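Written out below as structure tokens is the structure these notes cover.
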Amino acid sequence: MSAINIKSLARQDVLHFLRSFDTVLTDCDGVLWMNMTPLPNSSSVMNLFRKLGKRIFYVTNNSTKTRDDLVEKCKTLKFQANKDDILCTSNLSACYLQSLGFRKKAYVIGSEAIAKELEQAGISYCGIGPDTISQNTLYSVFEKDPEVAAVIVGFDEHFSYPKMVKAATYLSDASVHFIGTNTDERFPVSNDVIIPGTGSLVRCIESCSERKAIIMGKPEEYMAKMLKERSNINPQRTLMIGDRCNTDIIFGTRCGFLTLLVLTGVTALSDVEKWKQSGQQEERDLVPNYYIDALGDLLPYLKELETLSEVS
Ligand SMILES: [Mg+2]
């Protein structure tokens, strides 16, 4: 791992890099957009990758959107996308249960998106929405739904103590499946407020249930398995783009993909410099092959590649 600044390369070397992959996986928040604001030229870059014949996948740990929601968002923000191009953790949670032949009910700490994906997979669920403290909830034993045989933890702004009680109680039965959508500790935001991410909620339930969740999102194995099932990608000719090294880049490294860090999101260049010097392999695995200030900065190089391919 070397962390080469793309902009420091000679033009020919950048073009060589751009020709060295056929599949592009990209994280979304912090790479393509911040909430509903697209990052400059990022859609042009993604659409040009596609025009040049590269297979595109949008790979996000976000569990608050369905695949359909993400296709809509892509369209609104001018990214070409269809449902098969999207891997998101609400959908993967449903796929995971489906792959087990799951016929019972899931207790969900999470958003409507998880509910919708479960519905589409024909899996029943409960638990969505507020579950606030009342005089009775805290100390009395709640009535367990005997149909519940899985607990899913995703992002839930209604996360509460009663939900913890229920999840931990269901999980005290070792046969109940325990799924966490992702482990991102915080959301990237640009001001001083810290917004706890799903990873904080998953850890909380892991702690009170004394169990480990199987994680759907990057950097864990399941996401890679699903990707390989959906498309026969060649890892050596696949590029993973991300803004967060402890999910996106390490995911790419573990899968044997080329990795590109963009500096428009969570990870700063100073972090990368620190990991490069680290004696620990775990930290050195966080170092990307390449980095660039912003995804949109690839546009002039890609345009040149387009012109050359039109000429030839
Ligand atoms: Mg991100």
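Couple of notes before you dig in:
- Count - residues of segment 261-280 that are away from the ligand (no atom under 13 Å from the Cβ) and either under 25 Å from S90 (Cα atoms) or not hydroxyl-bearing (S, T, Y) (or both): 11
- Search result, residues across segment 158-215 that are in contact (Cβ under 8 Å) with a residue 40 or more places away in the chain, under 27 Å from S99 (Cβ atoms) and within 16 Å of the ligand (Cβ to nearest atom): T181, N182, T183, D184, G197, T198
- Lone qualifier among N82, N47 - being more than 16 Å from the ligand (Cβ to nearest atom), open to solvent by 10 Å² or more (accessible area, probe 1.4 Å) and touching a residue at least 12 places away in the same chain (Cβ under 8 Å): N47
- Count - residues of segment 57-70 that are buried (at least 20 other Cβ atoms within 10 Å of the Cβ) and more than 16 Å from the ligand (Cβ to nearest atom): 2
- Counted as qualifying within segment 160-248 are the helices (runs of 4 or more DSSP H) with 3 or more residues that are over 20 Å from S90 (Cα atoms), namely 161-171, 198-209.
- For segment 88-106, the count of residues that are open to solvent by 70 Å² or more (accessible area, probe 1.4 Å) and either within 16 Å of the ligand (Cβ to nearest atom) or assigned to a strand (DSSP E or B) (or both) is zero.
- The set of residues from segment 267-285 being open to solvent by less than 20 Å² (accessible area, probe 1.4 Å) and touching a residue at least 60 places away in the same chain (Cβ under 8 Å) comprises just one member, V272.
- Search result, residues across segment 279-312 that are of a type in the set (D, E) and either in a helix (DSSP H, G or I) or in contact with a Cys (Cβ under 8 Å, 6 or more places away or on another chain) (or both): E282, E283, D297, E304, E306, E310
- Of note, T264 satisfies the criterion of being within 19 Å of F187 (Cα to Cα) and open to solvent by 10 Å² or more (accessible area, probe 1.4 Å).
- Among residues of segment 16-44, those that are of a type in the set (D, E) and more than 14 Å from the ligand (Cβ to nearest atom), counted: 1
The values are calculated or read from the model by the stated rules, or taken from the named source; none is laboratory data. This one's a predicted model, so the numbers in the text were calculated from it and none came from an experiment. Here the Cβ is made from the backbone with ideal geometry for all residues, glycine too, and neighbour counts use every protein chain on show. We work out accessible area using only protein heavy atoms, side chains counted, and drop any ligands, DNA or RNA first. Shrake-Rupley method; radii C 1.70, N 1.55, O 1.52, S 1.80 Å.
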